[in-house]
Structure formats: structure tokens, C-alpha cells
DNA sequence: TTTTGTATTCATGTATTCAATCTGAATTAT
DNA sequence: ATAATTCAGATTGAATACATGAATACAAAA
């Protein structure tokens, strides 16, 4: 057992975790909403045990608050959080890019390039769901390739938090194409084994994304 | 129930979590060591339930790896991790200091000053345990006062990871006094409401700590 | 009217039970 | 002798049972 219609979770705890996480980050569960263990267990048709374990994980990344003996409350992502995420990323994501420029193999760079080609492919097809997924994959791949456990941890976290707003940003006129081109320039610098340029271009890319986002949301 | 000789845990899960976390970060449990739920439960005299929940939390911060159906393995902090932590902190901890300079109340700055006074007090008494704790408290207070959920999350995490090496650093000749003075200069800039200077001085402080650390450990 | 005590209810905290899975040694087959 | 197989023991995964604590409603007292 343990795949639960959605598939590919190895156990129920992971399944519940993914499910709750998605619902919170998508805004399906709203800020301040109280979650009861039995309620979730009933909804997902599992016992309280995996629910409790999943809630503990979510508490660790501050997506819920666990009040002792009083249950869980949803903590969403605020505009202030988003503003800070982009500010932090503008400071450290360039570092990850520099590391990739220094250490990644040609094979790994080819993987990045494939992601970029796919992104362009889906943009041409106007398949915005896949486009969004591929745009995110470029960053996720980068986090793996930078060979730094700490950078990967932090950047993955931050990136996941802004999934929603990144999607909105990519739907604005011309931004997706610009994003692809910025990614490409980062990759070029990596292929040229120029860490400083890779860093600068990645930083600029993050700042551009933030600037674009500030047209949609009221941040900073 | 629920205080378990060590005191102040509100429930057994938190108690187990703190206990395991401490043992891992202090090197008491070594990298690669396999942990069984029943073994821990027996050692701490609790059932498997709170142990499982604690392990899920520890997995979230990558202090253990959970292999499905095969149990938990300890993941320590490597020298590479420490190197990266200081590099990341040198980039973003200044941002936190700048925020404090902008937003903290005079009362809050007084709290920081009290911590500094206490640090000096314990240094004069050569009470290195308390000294270490107070030196850390200055940073922890800063993370709370910067009023950024994301900065607080990340910096607290990173700071906890390097607890051991920070302790070692403070024991080297003259470093504790230098650290206090650097903290004081950061606070001065905050009191002067000069975010840029607070940032610069904090960044320098982090870099100094790293430089001092590199005399002990073989980092970068 | 406000406060305080108390019973009830509901949710969480923990232990226990049972099922599924993995590991490794003994056994069998090649 | 080596490889494949089987099976027992141990460990994790999940559900359920039991215990504890918090919140609410309501009654009695000030």
C-alpha cells in the first residue's frame, strides 16, 4: 500500500506531508486556519500517526505552528516574506552559480542546457504549467550542482516558498522569454568557467525577477 | 510526565528532539551512525512514537537521513559545511544587522547591550561555558530583532550548526575579547541608526570569526 | 453582574499492537 | 566452491487504545 491515488510517496507520512505542504503553499489552506489531526486524517483517509509526523515536519519549516496540546495553525507566506526571500536570494544564489561554474562537469552543464531548451519549447507551445515547472527546474538543478549542502538546503527552501508568485511572474508579458535568456547567459558564463560573471548574472536575474514581481504584488 | 529530568520540554517529542539534536551537534553521535527507534526509545525511556516524530524533525534539518523501512543515519556537520556557513553568513547576517539598525527600539538595543555586558562579565570570570552562551545570545537576539521571518529562520539554523566550532574559536587567545568589541561596534552603529555601517561591521565580524576558525580547522 | 468552581467534551500526547519490509545467516541447488 | 533461495529475527510503518490537558458551558456564590 502507501501510494495513495496521487502516487509515488513511499509511505503515508510523506504522502500527508506533500499533500498538506501543497495545500498551504497554494493558498488552499489559509493563514491562521486551524488544523485538527483527526480532521486531516479523515480527509486523507489515514490514521492520526502519519498526520502527526507530517505536522512535525511542516512545523520545522514554519508552514504550520504547533501549539502544545492545542493543535496546528497554518502559517502562510506573506508579502514581507517574499520580499525578504528575493533579497536573500540576490545575495547568495550568485554564490551557488559561481560554484557551479567552478565545479560542474560538461555533462552537468548539458543537463542545464536541456532544461533551458525544454523551457523554450513549452513557452513556444504556450504550455504555462510545464513552462513554470521547467523554469523552476533550472534553479533546482543549480542547487544540486553547486555541491554545497547548506546552499542547497537554503535555496531549495526559499525557492519552494515563492513557487506561487514565481508562477504569476512568468505569466506577465515577455517575462518568460526574458527569464530564459537570463538563464542562458548564466549558463554561458558557467561554460566559460567564469565564476564571477556567473555570479553577477545570476544576481541580476534574481533582481530582475523581483523587479518584475513588484509590478504585480505590492512588495518593498 | 514530560519534563524528563532535563526539564522544560513541554512534551516527550520535544524532549527527544532536543536530546538527539544536542547529541548530534556535539559529536556525541557520530556521522554515519545508525539509530534505531527502539534503541533511542530505550535509552530515553519513552515509547517509539515521540522518537519517530523527533526523527522526522531532525530529517527536515538534515541532521539525520531517514531511509524508508531501514531507519535513521546520523549526518554530522562537515568542514565544508562550516566553510559554507560562514560564507553565507558573511553575505546575509549584515542584512539582519541593518534591519535591526532601522527598526529596533531603544529598549531592544538595551537588551543587546546587556548581553554584551554579561559576556564581558563572564569573560572576566573566565567562565567559558557562560561566555560562549552569551556570545551566541547576541546573535540569537539579533535574529529575533531583525523582524524578518526568513532571515531569522536561516540564520538561527546556520548559527546552531556551528555551535561547536564557535565554542572552539572563542577559546583561542584574545578572540573572546575581540568578539565582544566587534559586537559592541555593531551595536554602536545600530544606536546611531546607521544601517550601512551596522551591516559592514557585522559582515566584518563574521569574516573575522571565520578567519580565526581557519587557524584551528583546515577550512578553505 | 461578575467571578469562581466544576463537569463535559474534544483534541492532543503517548503507548501498544499488528502488519509489512528488510537483513543476513543457514540451506539448497548448480 | 559458488550462487540462489528460504526463513527467522529484527526493524520500521501504521492503526488503535488509552491518558492527559485545554476549552467550554453552566451553575453556584459573591
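A short reminder: the numbers here are calculations on the coordinates, not readings from a lab. It should be emphasised that the depicted structure is a prediction, and the values quoted were computed from it without experimental measurement. Glycine also receives a Cβ, built like all others from the backbone with ideal geometry; neighbour counts cover every protein chain displayed.
Fraction of C-alpha pairs exceeding 34 angstrom in the protein assembly as shown: 38 percent, rounded to a whole number. The base-10 log of I(q)/I(0) for the range B:1-106, evaluated at q = 0.17, 0.22 Å⁻¹, reads -0.83, -1.08 [Debye formula, identical scatterers on Cα atoms, solvent excluded]. Return one number: the angle in degrees, 0 to 90 and rounded to the nearest 10, between the long axis of the Cα atoms of helix A:12-25 and the longest principal axis of the Cα atoms of chain A. Value to nearest ten degrees: 70. Compared with the dominant principal axis of the Cα atoms in chain B, helix B:79-103 is inclined by about 50°. Across the identical copies, the label point of residue A:194 (7 Å from Cα in the Cβ direction) is separated from its matches by 3.7 nm, in order from shortest. Residue order for A:121, A:138, fewest other beta carbons within 10 angstrom first, comes to A:121, A:138. Measuring nothing but how far apart in sequence close Cα pairs (under 8 Å, 6+ apart) lie, relative to its length, chain B scores a relative contact order of 23 percent. The mean sequence separation of alpha-carbon pairs under 8 Å and at least six residues apart, normalised by the residue count of the range B:12-74, gives a relative contact order of 42 percent.
Taking every DSSP helix (H) stretch of at least 4 residues in chain B, weighting each as -39,500 (n - 2.57) and dividing the sum by the residue count yields a mean residue ellipticity at 222 nm of -23500 deg cm²/dmol.
Inter-chain neighbour count for A:154-165: the average number of beta-carbon atoms from partner chains within 10 Å of each residue's beta-carbon is 1. Plainly put, chain A has a radius of gyration that is 1.01 times its Kirkwood radius, both from alpha-carbon atoms, as the Rg/Rh ratio. Max-minus-min Cα coordinates of the range B:103-193 on each principal axis give 35, 27, 16 Å, with the largest extent listed first. The simple spin-label model puts a point 7 Å past each Cα toward its Cβ; for residue B:149 and residue A:111 those points are separated by 3.2 nm.
Using the basic label-point model (7 angstrom from Cα toward the beta carbon), what is the residue A:18 to residue B:78 distance in nanometres? Going by the 7 Å Cα→Cβ label model, 2.8 nm.
Considering every alpha-carbon pair of the range B:12-74, the percent of pairs per 5 Å bin, from zero through the bin containing the longest distance, is 4, 21, 35, 29, 11, 0. Among B:106, A:36, sorting on how many other beta-carbon atoms sit within 10 Å of each Cβ, with the fewest leading, yields B:106, A:36. Our note on the geometry: Cα centres of the range A:192-210 and the range B:29-65, 40 Å apart. Residue exposure proxy: A:118, B:58, ordered by other Cβ atoms within 10 angstrom of their Cβ from fewest to most, comes out as A:118, B:58.
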